[in-house]
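The values are calculated or read from the model by the stated rules, or taken from the named source; none is laboratory data. Predicted model only: the values in this text are computed from it and were never measured. A quick note on method: Cβ atoms are made from the backbone with ideal geometry, for glycine too, and the neighbour counts reach across all protein chains shown. Calculation scope for accessible area: heavy atoms of the full protein, side chains included, ligands and nucleic acids excluded. Shrake-Rupley method; radii C 1.70, N 1.55, O 1.52, S 1.80 Å.
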Amino acid sequence: MKQQAEYQRSWWSRATQSPYFVYLLISPLFLILFAYVVYPFYSTFLQSFAGNDTLANYRKFFSLESTANLEALWNSVYISIISVICCAVVGVTMAFLLERYEFPGRRLLSVLVLVPMALPPLVGVLSFTFLYGESGIFPRFFQHLFSLEEVPFSLKGIWGVVVVHTFTMYTYFYLTASAAIKGLDPSLEEAATSLGAGRIRVWTKVILPMLTPSIIASSLLVFMVSMASYTAPLMFGVERTMTMQIYLARTNGNLDMAATQSTILSIVSILFLLIMRWYQNRRNYQNLSKGVSVHRSEVTSKPLKTISIILSFAGTLILILPILVLILISFSKDGSWTIQILPTDYTLDHYKALFTDERTWRPIWNSIQMGAVATVGNILFGVAAAYAMVRLSFKGKSLLDTLIMIPWALPGTVVAVNLIAAFSTESPFAFNQVLIGTFWILPLAYFVRHLPLVFRSTSASLLQLDQSVEEASRSLGASWWYTFRRIVLPLTLSGIIAGTLLALVQSIGEFVASILLYSTTTIPLSVAIFQKLYAFKFGTACAYGVLQILLILIVLLISEKLSKGSAGSAI
Amino acid sequence: MKSVRIENVTKKFGNVLGVSELNLEVKPGEFFTFLGPSGCGKTTTLRMIAGFYYPTTGKVYFDGQDVTTLQPNKRNIGMVFQNYALFPHMTVDENIAFGLQVRKLPKSDIRQKVDRIRGLVHLGQYGSRKINELSGGQQQRVALARALVIEPDILLLDEPLSNLDAKLREETRVEIKRIQTELGVTTIYVTHDQTEAMSMSDRIMVMESGLVKQVGTPQEIYHKPNNRFVATFIGETNMLEMKVSSIEGDVVTVESENGLILRGLVNGAAKEVQLAADSTIHVSIRPEAFEAGPGDNTVKGTIEFVEFTGLSVNYIVHVNGTSLKAMIINGGSAIKAVRDEIELHIPPRNLYFLAE
Ligand SMILES: Nc1ncnc2c1ncn2[C@@H]1O[C@H](COP(=O)(O)OP(=O)(O)O)[C@@H](O)[C@H]1O
Ligand SMILES: [Mg+2]
């Protein structure tokens with residue numbers, strides 16, 4: 001008996017001692033990535049070559065006779081480039097103004113500047129059409145003011161898309177640029193000035209070079225997100241973009257073409273992801289934000305002061321209006337707002353209905369359920385992958401990291417098409433079931449789209465936790481699992497929770513993949529908003545939107561608290 | 001209290017050599033120190049004893065039992081880490097109690113043991129403090145208490161004092177030694193600081209580049225180094241390359257290239273040294289080997305540097321083209337100045353011959 005135990009122990013310890021044991025541990029991670037990232041992608045890839053003539057779809061795509069696809073590709077690139085430029089100008093300017101100058105209203109503005117992050121894409125576009133669209137509040141107001149036949153201006157088409165992109169994505173530039181500016185050592189600038197460098201010289205020789213890395217990184221990101229943008233083109237009726245073409249091909253039942261378009265768009269996205277990663281690895285992170293107090297110059301001269309007050313007031317208004325308009329319309333009676341500037345009749349019914357009317361409540365509950373299932377998956381996968389990434393040593397780390405990032409870099413539309421290609425037939429990865437048309441396909445899509453969220457925040461926490469703390473626990477007699485429960489989990493909990501909450505709200509608000517995948521028995525919240533909109537039930541749609549914004553604000557608040565708390569307790 | 005034996009252990013990290021062909025025996029209750037410059041493989045060896053690394057080849061035994069690939073949590077060791085590795089989300093008491101909770105001791109026993117050990121490390125009233133409310137020295141004590149409370153068979157300490165300031169370091173050094181003597185636990189201590197090693201250890205293993213250079217008591221290491229590395233690493237010494245000119249009875253006469261002639265004793269040689277006329281050897285002369293005034297092995301030279309420390313006078317003397325460091329115990333006699341001539345002598349028993 002004893003001998004046998006001895007034998008088993010030595011067998012086990014020999015197995016665990018083997019340099020290949022770690023590969024056994026990480027194989028589930030790779031299996032999941034293979035099943036739900038690589039295999040769906042590959043299925044789409046295969047489908048794009050379907051037909052008698054394998055390259056027929058690609059020939060069609062690039063054909064010069066019907067140029068819809070090429071036009072769409074060009075439009076997507078064009079919109080993305082313009083978006084990058086606009087976002088860069090707005091974001092960097094905002095960062096400079098808020099970090100370097102003191103003017104009335106700066107504090108409020110520096111909080112509100114992040115409002116776009118609290119707007120789910122669909123809700124954001126929605127409020128913009130209410131404000132500036134063809135029958136929006138502002139165009140109507142000016143029409144009435146000047147008694148015009150038609151609205152004098154309105155947001156539509158490609159420029160509508162670009163404006164929405166700028167509003168929702170300038171924050172990427174703002175955040176990285178303001179971090180970089182905070183890190184700029186003011187004495188560097190002073191040194192340059194004292195050496196006789198003029199303003200322009202200081203700018204071109206000192207400030208811009210320091211900002212370049214953050215600007216390039218944000219540009220790549222905004223370009224990628226713009227290429228993937230689907231909601232804005234949909235709402236502004238720009239059909240000739242890649243994502244819209246995929247959506248249309250899919251809804252017209254032309255699956256092979258949708259697969260071809262998806263493949264081409266994927267290649268562009270993955271290419272950008274790789275460039276981005278290469279760039280970030282190459283650049284060395286200088287963290288100079290150590291207690292260097294950035295001094296803000298006060299705006300003193302009278303006219304400048306007036307201008308700054310007007311501008312900051314305008315900025316505040318632009319930022320806050322989308323939320324105000326949502327709140328306003330959420331109280332308006334459905335069907336009461338037709339050609340007036342503002343809705344005329346108000347009611348509380350929409351909010352009551354949210355929680356009392358079964359049919360209104362249903363989509364919320366669906367989204368909560370599907371989001372929760374997806375998030376549980378994200379937690380399990382994210383924590384395990386983060387631990388493996390940070391603590392284990394094995395070959396293929398960067399492959400693991402890339403595979404986790406890819407679904408995030410892929411447009412939601414493409415993720416949906418990939419899942420359709422893989423799971424509309426029975427598949428071993430779905431336990432020989434067809435997933436399309438069931439409850440499970442959306443949680444799967446949410447899981448895949450939000451793969452990096454828990455992973456990233458958990459690895460960040462883990463990296464701060466010195467390995468010797470775990471070793472101390474082991475040396476005191478604790479098993480690996482006991483150590484994980486009592487030491488690793490409590491110490492990384494804030495990171496795990498932050499990622500989890502983010503994944504959860506994003507899943508609850510997810511629209512892009514949902515619209516292609518949802519089954520009519522489990523309609524998610526975002527699709528319900530979309531449907532209400534087309535049934536002219538603006539009030540209900542906006543009430544849904546306000547609910548989502550509240551949820552996001554709560555999550556942001558908790559995350560902020562958590563990150564402060566953990567920073568305080570870290571030794 | 002267990003013995004530790006390491007047999008032919010080699011550890012490679014890919015192509016990097018951690019330690020090579022290491023053999024070692026630590027007796028029960030002994031205070032044993034790994035001493036060597038940074039990167040010589042001390043931590044690697046310690047971690048193989050702790051079970052955090054497994055040797056590439058070779059075996060590790062505790063009391064004759066093979067533990068080479070036993071998991072760290074099954075070894076009943078106490079370990080103190082360089083950065084203390086305290087659990088930041090727990091109080092002092094919770095930290096100390098952790099190992100006892102793992103062992104599923106009854107609550108009352110845990111309470112009692114924690115209180116006792118907290119007294120032993122002089123942290124009486126700090127039980128409910130958070131870790132980040134403690135000073136570095138106090139954190140150090142918590143780490144020590146946490147490792148000791150489980151009554152480990154072997155206590156491992158990896159540069160435990162290197163994060164403390166100089167004064168605290170000396171205090172804590174005495175403290176660790178006191179507690180170790182009181183508990184009698186087999187202790188392996190890693191340091192790159194020779195003062196720590198010399199003052200605390202029963203025996204020292206001197207390492208360099210993954211190799212053992214010598215194992216011995218502090219006196220052996222200091223007075224009878226096996227090689228030039230040990231002689232220069234431990235304490236200060238004048239290392240001269242000289243030629244044996246004659247051996248008569250137990251007197252060896254050596255001569256340097258520029259004509260310095262000294263006499264030493266045959267038994268003042270390291271183990272492997274083969275003394276033979278005309279062979280080249282290395283001579284180690286500690287600064288304190290010099291005595292004032294003329295006598296056997298008189299050396300005359302010009303003073304290049306003087307330093308008065310109160311206890312002693314330190315000179316650098318230029319003799320026959322060589323600079324020699326000499327330390328003369330302060331006997332109250334007049335102190336010479338730079339560029340003065342000085343006459344010193346080296347009793348022959350203070351010459352030490354080394355091969356390589
Ligand atoms: N985990 C590791 N991976 C690769 N090389 C290592 C690792 N640990 C130690 N080494 C190498 O082994 C040698 C000995 O290191 P170490 O035992 O930490 O030295 P010491 O503790 O004496 O300063 C060094 O050259 C070091 O670079
Ligand atoms: Mg070390």
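Here the stretch A:345-383 is scanned for amide nitrogen atoms under 14 Å from the site 7 Å beyond the Cα of residue A:484 along Cα-to-Cβ, giving A:379-383. Taking a point 7 Å out from the Cα of residue A:135 in the direction of its Cβ, the residues of the stretch A:293-333 whose backbone N falls within less than 16 Å of it are A:329-330, A:332-333.
Assign one of three labels to chain A, namely rounded, prolate or oblate, based on the Cα gyration tensor with a ≥ b ≥ c the square roots of its eigenvalues; rounded applies when a/c is under 1.5, prolate when it is not and a/b is larger than b/c, and oblate otherwise. Taking the square roots of the gyration eigenvalues as a ≥ b ≥ c, chain A is oblate.
Given R₀ = 51 Å, what would the calculated FRET efficiency be for residue A:333 paired with residue A:50, taking r from the Cβ atoms and rounding to 0.05?
It comes to 0.50.
Each residue of the stretch A:499-507 is assigned a 3J(HN,Hα), and the resulting list reads x, 5, 4, 4, 4, 5, 5, 5, 5 Hz, derived from the Karplus form 6.51 cos²θ - 1.76 cosθ + 1.60 (θ = phi - 60°), x at Gly and Pro. From a point 7 Å beyond the Cα of residue A:560 in the direction of its Cβ, which residues of the stretch A:114-153 have a backbone N at a distance under 11 Å? Label zone hits: A:114-115. For the stretch A:50-144, GluC sites (Glu not before Pro) are listed when DSSP marks them as loop and at most 11 other Cβ atoms sit within 10 Å of their Cβ; the list is A:65. Accessible surface calculations at 1.4 Å, restricted to protein heavy atoms, place chain A at 48 Å² per residue.
Interface size between chain B and chain A, please: total buried accessible area, 1.4 Å probe, rounded to the nearest 100 Å².
Values: alone 16990 and 28860 Å², together 43440 Å².
Chain pair B/A: roughly 2400 Å² of buried accessible area.
Work out, step by step, the length gained on full extension between residue A:59 and residue A:393: first 0.36 nm times the residue separation, then minus their alpha carbon distance; give nm to one decimal.
Contour length minus Cα-Cα distance gives 115.7 nm.
Converting phi to 3J(HN,Hα) with the Karplus coefficients 6.51, -1.76 and 1.60 and the offset θ = phi - 60°, the stretch A:41-48 yields 4, 5, 4, 4, 4, 4, 5, 5 Hz in sequence order, with x at every glycine or proline.
When A:393, A:519 are compared by accessible surface with a 1.4 Å probe, the order from highest to lowest is A:393, A:519.
Given the DSSP H assignment, sum -39500 (n - 2.57) over each helix run of at least 4 residues in chain B and divide by its residue total; what's the result at 222 nm in deg cm²/dmol, nearest 500?
On the way: 8 runs with 84 residues, N = 356.
Dividing the helical sum by the residues of chain B leaves -7000 deg cm²/dmol.
Computed on chain A, with alpha-carbon pairs under 8 angstrom and 6+ residues apart, the relative contact order is 20 percent. Only protein atoms count toward the accessible area here, which uses a 1.4 Å probe; on the protein assembly as shown, the carbon and sulfur part of that area reaches 60 percent.
Under the simplified labelling scheme, the residue A:279-residue A:463 pair shows an inter-label distance of 1.9 nm, with each label point 7 Å from Cα along Cα→Cβ.
Per-residue mean of foreign Cβ neighbours for B:102-115 is 1 (Cβ atoms of other chains, 10 Å radius). Extension gain for the segment residue B:129 to residue B:223, taken as residue separation times 0.36 nm less the Cα-Cα distance, is 29.2 nm to one decimal. Distances between placed amide hydrogens fall under 5 Å for residue B:3 paired with B:63, all partners being 5 or more residues away or on another chain.
Mind checking A:482-488 for the average number of partner chain beta-carbons within 10 Å of each residue's beta-carbon?
Values: counts 4, 3, 0, 0, 7, 6, 0.
Taking all residues of A:482-488 together, the mean is 3.
Each part reduced to its alpha carbon centroid, the stretch A:100-114 and the stretch A:399-421 end up 37 Å apart. Legend: mean number of C-beta atoms from other chains within 10 angstrom of residue C-beta atoms, peptide B:78-90, equals 6. Close amide-amide hydrogen proximity is noted between residue A:427 and A:432, A:433, each under 5 Å apart and 5 or more residues distant or on a separate chain (H modeled in the peptide plane; Pro and chain starts excluded). Modelled label positions at residue B:241 and residue A:426, each set 7 Å beyond Cα in the direction of Cβ, lie 8.4 nm from each other. All C-alpha pair distances within the stretch B:4-229, sorted into 10 Å bins from zero, spread as 8, 33, 35, 19, 4, 0 percent across the bins. Ligands, DNA and RNA excluded, the heavy atoms of residue A:212 present near 60 Å² of accessible surface to a 1.4 Å solvent probe. Per-residue 3J(HN,Hα) values for the stretch B:207-212, derived from phi via the Karplus relation 6.51 cos²θ - 1.76 cosθ + 1.60 with θ = phi - 60°, read 10, 8, 6, x, 10, 7 Hz in sequence order (x marks Gly and Pro).
Return the FRET efficiency for the residue pair residue B:333, residue B:304: r is the Cβ-Cβ distance, R0 is 35 Å, and the value is rounded to the nearest 0.05. Computed FRET efficiency for residue B:333 and residue B:304: 0.95.
Cross-link partners for residue B:74 among the lysines, with Cα-Cα distance under 16 Å and sequence neighbours closer than 8 places in the same chain left out: B:2, B:104. Comparing B:293, B:124, B:332 in a Gaussian network model of chain B, where Cα atoms under 10 Å apart are tied by springs, the biggest mean-square fluctuation is seen for B:332.
The aspartates and glutamates within cross-link reach of residue B:336, meaning a Cα-to-Cα straight distance under 13 Å and a gap of 8 or more places when in the same chain, are B:304, B:307. Counting only heavy atoms of the protein chains and using a 1.4 Å probe, residue B:109 has close to 60 Å² of accessible surface. Annotation for residue B:82 and residue A:147: the two label points, set 7 Å from Cα along the Cα-Cβ direction, are 8.5 nm apart. Amide H contacts under 5 Å for residue A:101: A:297, restricted to partners 5 or more places along the chain or on a different chain, H placed in the peptide plane at 1.01 Å from N. Listed peptides A:445-454, A:169-178 appear in the order A:445-454, A:169-178 once ranked by packing, highest mean of other Cβ atoms within 10 Å at the front.
With the cut-off at 1.5 for a/c, could you classify the stretch B:236-354 from its C-alpha gyration tensor as rounded, prolate or oblate? Here the stretch B:236-354 falls in the prolate category.
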